[in-house]
1. When you go through Arg39, Arg54, Arg43 one by one, which is the residue that is of a type outside the set (A, V, I, L, M, F, W, C) and assigned to a loop (DSSP other than H, G, I, E, B)?
2. With the condition kept exactly as written, say whether any residue in region 93-102 is on the phi > 0 side of the Ramachandran plot, in contact (Cβ under 8 Å) with a residue 60 or more places away in the chain and buried (at least 21 other Cβ atoms within 10 Å of the Cβ).
3. Pick from region 111-137 the residues that are in contact with a Lys or Arg (Cβ under 8 Å, 6 or more places away or on another chain) and surrounded by fewer than 13 Cβ atoms within 10 Å (Cβ to Cβ): which of them is modelled with the lowest pLDDT?
4. Among the residues of region 172-188, write down those that are in contact (Cβ under 8 Å) with a residue 60 or more places away in the chain, surrounded by fewer than 18 Cβ atoms within 10 Å (Cβ to Cβ) and in a helix (DSSP H, G or I).
5. When only residues in region 271-293 that are assigned to a helix (DSSP H, G or I) and of a type in the set (A, V, I, L, M) count, which is modelled with the lowest pLDDT?
6. Of these, Ala219, Ala280, which one is over 30 Å from Gly92 (Cβ atoms) and crowded, with 20+ Cβ neighbours inside 10 Å?
7. Looking only at residues in region 189-212 that are modelled with pLDDT of 90 or more and assigned to a loop (DSSP other than H, G, I, E, B), which one is nearest to Ala167 (Cα to Cα)?
8. In region 224-235, which residues are surrounded by 23 or more Cβ atoms within 10 Å (Cβ to Cβ) and out of contact with any His (no Cβ under 6 Å at 6 or more places or on another chain)?
Amino acid sequence: MDSFEGIIEFVAVAESQGFSAAAKQLGVSTSHVSRQVSRLEERLGSALLARTTRLVSLTESGQLYYQQCKELVNGLQQANEQVSLEQLQLSGTLRVSAAGAFAEQFVAPVLMAFAKLHPELTIDMDFNSRMVNFVEDGIDFSIRYGQLQDSGLVARKLLDRPMMAAASPRYLNEHGSPTHPKELKQHSCLISNNEHWRFNDAGKELSYKVHGRWRSNNAHAVVTACEQSLGIAYMPKSSFLKSIEQGILTPVLQNYWSSGASSWIVYKNRRFLPLRARLAIDYLLEHFKDWHE
């Protein structure tokens, strides 16, 4: 059985390309990871990793060994998870990064419900729009909206976010209601993350650069400015739900709204996700699978 020691640490180093990153993923010290991998190399009589001051890479032998070992680690993790699933006593801290009003209004309550199912679990939810370093920041997964950059991260679609344009009755009485997106150049537009607004006209995409008196990367602040009659806003429908229901805002340009973008669950590597993170992700996906704005 001694021959199995160091394999998990080796696979972690190979996939994270560093001893410190692997140690954080495994929840152990860097010296422990280095010691285990060195002992593994000694037993095998072959160097598996090429170490430099900045980067750790696989040798030719290491690459071949990794291809075999990663399947062993996968099988072991699945076996451990099966035992955990039978007991389902989740504990520890689930760390989630999120941004935007949708995450505040709709995602957070779902995670609260998940927490109620697991009394020993702690959830730390950080509302921050910056790009997170999953290893250094200790984040299990993040909730992000819009087009994602090709970063090598795993992204699973949570749901699509169709758009809506709206304004207050007072603003429309004073400035008129636009009948086509091209008329927006005559209006004050409330800008959130993008001043290029995209619409759909019978399958044809229209794009217009807008301007106005208010700009904010906070959806709630944009909706409030819209309610205060500062202009027309164009954001995902969920941003306006309460205001529309209460009659504070009125939809405009209904025939031209685009299908919008999507909200995503993003994480670094499924293999190193703790069970609490995997089950939380599954819980979110199940909750939102039939959800419509």
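1. Answer to the check: Arg54.
2. First, pick out the residues of region 93-102 that are on the phi > 0 side of the Ramachandran plot: 100.
Those left that are additionally in contact (Cβ under 8 Å) with a residue 60 or more places away in the chain: 100.
Adding the requirement that they be buried (at least 21 other Cβ atoms within 10 Å of the Cβ) leaves 100.
Yes, that holds for at least one residue.
3. Glu136
4. Across region 172-188, there are no qualifying residues.
5. Initial filter on region 271-293 (assigned to a helix (DSSP H, G or I)): 271-272, 275-288.
After this cut, where a residue has to be of a type in the set (A, V, I, L, M) as well, the list is 275, 277, 279-281, 284-285.
Values: Leu275: 83, Ala277: 90, Leu279: 90, Ala280: 94, Ile281: 94, Leu284: 95, Leu285: 94.
Selected residue: Leu275.
6. The conditions single out Ala219.
7. Gly212
8. Those that are surrounded by 23 or more Cβ atoms within 10 Å (Cβ to Cβ) and out of contact with any His (no Cβ under 6 Å at 6 or more places or on another chain): Cys226, Gly231, Ala233, Tyr234, Met235.
The values are calculated or read from the model by the stated rules, or taken from the named source; none is laboratory data. Bear in mind the structure is a predicted one, so any value in this text is a computation, not a measurement. Glycine also receives a Cβ, built like all others from the backbone with ideal geometry; neighbour counts cover every protein chain displayed.
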